[in-house]
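Heads up, the thing below is written out as structure tokens.
The values are calculated or read from the model by the stated rules, or taken from the named source; none is laboratory data. Model, not experiment: these values are computed from the prediction. No Cβ is skipped: glycine too gets one built from the backbone with ideal geometry, and neighbour counts run over all protein chains shown. Areas reflect the complete protein model, heavy atoms only, side chains present, ligands, DNA and RNA absent. Shrake-Rupley method; radii C 1.70, N 1.55, O 1.52, S 1.80 Å.
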Amino acid sequence: WDMFQSKHPVAGLHAAARAVGGCAVYVSDRPGEHNFDVLKRLVLPDGSTLRAKLPGRPTRDTLFADVIGDGSSALKIWNHNPVNGVLGAFNIQGAAWDRKTRRNLKTNETPGSVEAVLRPSDVEALVDTDDDSLWVMWATHWTSVGVLKATEKRVLQREHSLRFSLDKCESVVATIAKVRTACGDNGSKVTWAALGLEEMLNGGGAVLSVREKDAGGVPNVDAEVEVAGPGTLVLHCSAAPAAVFLDGQPVPPAAFTFDADQHTLRIPVTLQQGRASATVQVAFANALLAAPRL
């Protein structure tokens, strides 16, 4: 993607495209003419970005669709983050590139809304065809200027979907995270997934690594997430945690929140001086309350 201006009338769409594009982020703002609400969702306080790992590519179902002229198709772009997948959808109907004049054209001043159908299987090589795992799709719906319109989170099988109606120049950015299992009280099963930083467009890019108790062998911990940058780490959890730790130190219960209706855990993350990431650990059983060993 080329550069864009953060105060452009469709800056929200441009920012979402950079978030899933796996590209560098360039802006050509005039000095003093900045929309920091848009820029801060792309750039962390230290100046780094949550850059996806691959060049963004169209999904199979939109590869041969006329996403600028048929009046019904959304452009969908998939990519990989270090742990999760990311999927973007855009309503760019009514725009075209004139190869003779080398200028953008508006073929339709008032294009209608389009339906974007997002599935975990849209992210190539993330979901195996014979994999019966469950996935959490955490999607944010943005207006053309970059205002959050809606957030939706749902547990899905690989071919199940979330559907969004996108008005002109609106976009959706969705994180696709694998559902993992831990043990709660009395041997009960707890499902969880590390989603990412709530403040960022590609929040899933902040999840650098994930370890489960059985796989990582970390004592007193059921879930461990390495997260880049400060912000609010969002996890999907089927049950409330018994304890949360940040870099080995207990997080006071008043500092994190758990929404039982939405199965959503939010943990404030701050970085120690000189570090670019933090380690968040979660225990789901009351028997596991001692501070974990890092």
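Taking the range 145-154 as the range and being surrounded by 14 or more Cβ atoms within 10 Å (Cβ to Cβ) and under 17 Å from Phe90 (Cα atoms) as the test, the residues that pass are Val145, Gly146, Lys149, Glu152.
Out of the range 117-138, which residues are within 20 Å of His236 (Cα to Cα), modelled with pLDDT of 85 or more and touching a strand residue (DSSP E or B) at 6+ places or on another chain (Cβ under 8 Å)? Correct list: Leu118, Arg119, Pro120, Val123, Leu126, Ser133, Leu134, Trp135, Val136, Met137, Trp138. Look at Ala125 and say whether it is under 30 Å from Val225 (Cα atoms) and small (Gly, Ala, Ser). When the stated conditions are applied, Ala125 passes them. Answer with yes or no whether Val83 is β-branched (Val, Ile, Thr), within 16 Å of Asp2 (Cα to Cα) and at pLDDT 95 or above. Spelling it out, it is not the case that Val83 is β-branched (Val, Ile, Thr), within 16 Å of Asp2 (Cα to Cα) and at pLDDT 95 or above. With respect to the conditions (1) under 23 Å from Lys7 (Cβ atoms); (2) in contact with a helix residue (DSSP H, G or I) (Cβ under 8 Å, 6 or more places away or on another chain); (3) surrounded by fewer than 20 Cβ atoms within 10 Å (Cβ to Cβ), Trp142 falls short on a single one, namely (3).
Kindly indicate whether Leu87 is among the hydrophobic types (A, V, I, L, M, F, W, C), in contact with a strand residue (DSSP E or B) (Cβ under 8 Å, 6 or more places away or on another chain) and within 20 Å of Leu197 (Cβ to Cβ). Considered against the rule, which asks whether it is among the hydrophobic types (A, V, I, L, M, F, W, C), in contact with a strand residue (DSSP E or B) (Cβ under 8 Å, 6 or more places away or on another chain) and within 20 Å of Leu197 (Cβ to Cβ), Leu87 comes out as yes.
Annotation note: Cβ proximity below 7 Å between a residue of the range 154-167 that is among the β-branched types (Val, Ile, Thr) and a residue that is open to solvent by 20 Å² or more (accessible area, probe 1.4 Å) (sequence gap 6+ or interchain) occurs for Val155/Leu134; Val155/Val179. Evaluate the range 142-152: report whether one residue or more is closer than 19 Å to Val83 by Cβ, of a type in the set (Val, Ile, Thr) and assigned to a strand (DSSP E or B). No, the conditions are met nowhere in the range 142-152. Looking for something part of a loop (DSSP other than H, G, I, E, B) and more than 25 Å from Glu199 (Cβ to Cβ) - is there at least one such residue anywhere in the range 33-51? Within the range 33-51 (the criterion being part of a loop (DSSP other than H, G, I, E, B) and more than 25 Å from Glu199 (Cβ to Cβ)), the answer is no, since none of the residues qualifies.
Evaluate the range 155-165: report whether one residue or more is crowded, with 21+ Cβ neighbours inside 10 Å, of a type in the set (Ser, Thr, Tyr) and at pLDDT 95 or above. No; the residues of the range 155-165 include none that is crowded, with 21+ Cβ neighbours inside 10 Å, of a type in the set (Ser, Thr, Tyr) and at pLDDT 95 or above.
Please determine whether any residue of the range 12-22 is in contact (Cβ under 8 Å) with a residue 24 or more places away in the chain and either polar (S, T, N, Q) or open to solvent by 40 Å² or more (accessible area, probe 1.4 Å) (or both). Looking for residues that are in contact (Cβ under 8 Å) with a residue 24 or more places away in the chain and either polar (S, T, N, Q) or open to solvent by 40 Å² or more (accessible area, probe 1.4 Å) (or both), one finds none in the range 12-22, hence no. Residues of the range 250-280 that are loosely packed, with under 14 Cβ neighbours inside 10 Å and touching a residue at least 60 places away in the same chain (Cβ under 8 Å): Gln262, Ala276. For the range 62-94, residues that are of a type outside the set (A, V, I, L, M) and under 21 Å from the mean Cα position of the chain (by Cα) total 12. Looking only at residues in the range 220-245 that are at pLDDT below 90 and over 18 Å from Val43 (Cα atoms), the one that is surrounded by the most Cβ atoms within 10 Å (Cβ to Cβ) is Asp222. Looking only at residues of the range 26-76 that are surrounded by fewer than 18 Cβ atoms within 10 Å (Cβ to Cβ) and in contact with a Ser or Thr (Cβ under 6 Å, 6 or more places away or on another chain), we find that the one that is nearest to Gly94 (Cα to Cα) is Ala65. Out of all the residues in the range 29-47, is one or more modelled with pLDDT of 95 or more and of a type in the set (Gly, Ala, Ser)? There is no residue in the range 29-47 that is modelled with pLDDT of 95 or more and of a type in the set (Gly, Ala, Ser). Checking each residue in the range 77-127 for being of a type outside the set (A, V, I, L, M), part of a strand (DSSP E or B) and either open to solvent by less than 30 Å² (accessible area, probe 1.4 Å) or over 19 Å from Glu170 (Cα atoms) (or both) picks out Trp78, Asn79, His80, Gly85, Gly88, Phe90, Trp97, Asp98, Arg103.
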